Amino acid sequence: MKKKYMITIFVIAIICILAIGYAAFTSQLNITGTSTITSSWDIKITSVTVKSVVGNAKKEIEPVISGTSATFKTTLESPGDSMTYEVTVTNNGSVDAKVGSIEMTDSSNPAIVFSTNGINQNDLLKSKESQTFEVTVAYSDSVTTQPDNLSATLAIKLNYVQNS
């Protein structure tokens, strides 16, 4: 009987030791803190200037700039006339960006050709840097008769995304 009593006490002692050990090793971990985003996103067209004029092309009004969009109104008299604008885009933010897409309005007039040169999708624009490119509005050389529609509103919009 003494042996059974000793075994029972031994088993109870082992269970108590295991319970105390388990309690000692289980604890609640609390992690607290705050985080702040300090980056800024500030990309916009900062200037549009006339780079070259061919023929009798004239700037009807100053290009209208709004963020990363610009609208052009140019007077063209005859086939071959064109006006090329130099557009500057500046990244004043702290995040590098790249051109996600370039949206250009369709000239609802087949006689007017609207094109860009010097900017492409995925072009990188680093923080605190600028990029220049050209926008050309031209009266198509292939026009043989006076079109019915004599005007078109032409606009370009640059859609930038964060460079990963």
* Structure fact -> Restricted to region 94-112 and to residues being surrounded by fewer than 14 Cβ atoms within 10 Å (Cβ to Cβ) and hydroxyl-bearing (Ser, Thr, Tyr), the residue farthest from THR71 (Cα to Cα) is SER94
* Which one is farthest from MET83 (Cα to Cα), of the residues in region 31-54 that are surrounded by 14 or more Cβ atoms within 10 Å (Cβ to Cβ) and either in contact with a Lys or Arg (Cβ under 6 Å, 6 or more places away or on another chain) or among the aliphatic types (A, V, I, L, M) (or both)? -> ILE43
* Can you name the condition, by its number, that SER115 falls short on among (1) more than 20 Å from THR46 (Cβ to Cβ); (2) among the polar types (S, T, N, Q); (3) buried (at least 19 other Cβ atoms within 10 Å of the Cβ)? -> (3)
* Within the bounds of region 62-78, is there any residue that is touching a residue at least 40 places away in the same chain (Cβ under 8 Å), surrounded by 12 or more Cβ atoms within 10 Å (Cβ to Cβ), in contact with a strand residue (DSSP E or B) (Cβ under 6 Å, 6 or more places away or on another chain) and basic (Lys, Arg)? -> no
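What number of residues within region 45-94 are farther than 19 Å from THR105 by Cβ and touching a Ser or Thr at 6+ places or on another chain (Cβ under 9 Å)?
Residues that pass the stated criteria total 21.
Quickly run through region 36-71 and pick out the residues that are part of a strand (DSSP E or B) and within 22 Å of the chain's Cα centre (by Cα).
ILE43, LYS44, ILE45, THR46, SER47, VAL48, VAL64, ILE65, SER66, SER69, ALA70, THR71
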* To do: Taking GLU129 as the residue in question, decide whether it is within 25 Å of THR46 (Cβ to Cβ), loosely packed, with under 14 Cβ neighbours inside 10 Å, at pLDDT 90 or above and charged (D, E, K, R).
  => yes
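The values are calculated or read from the model by the stated rules, or taken from the named source; none is laboratory data. Here the structure is a predicted model, which means the values were calculated and not measured. Methodologically, a virtual Cβ is constructed for each residue, glycine included, from the backbone with ideal geometry; neighbour enumeration extends over all protein chains shown.
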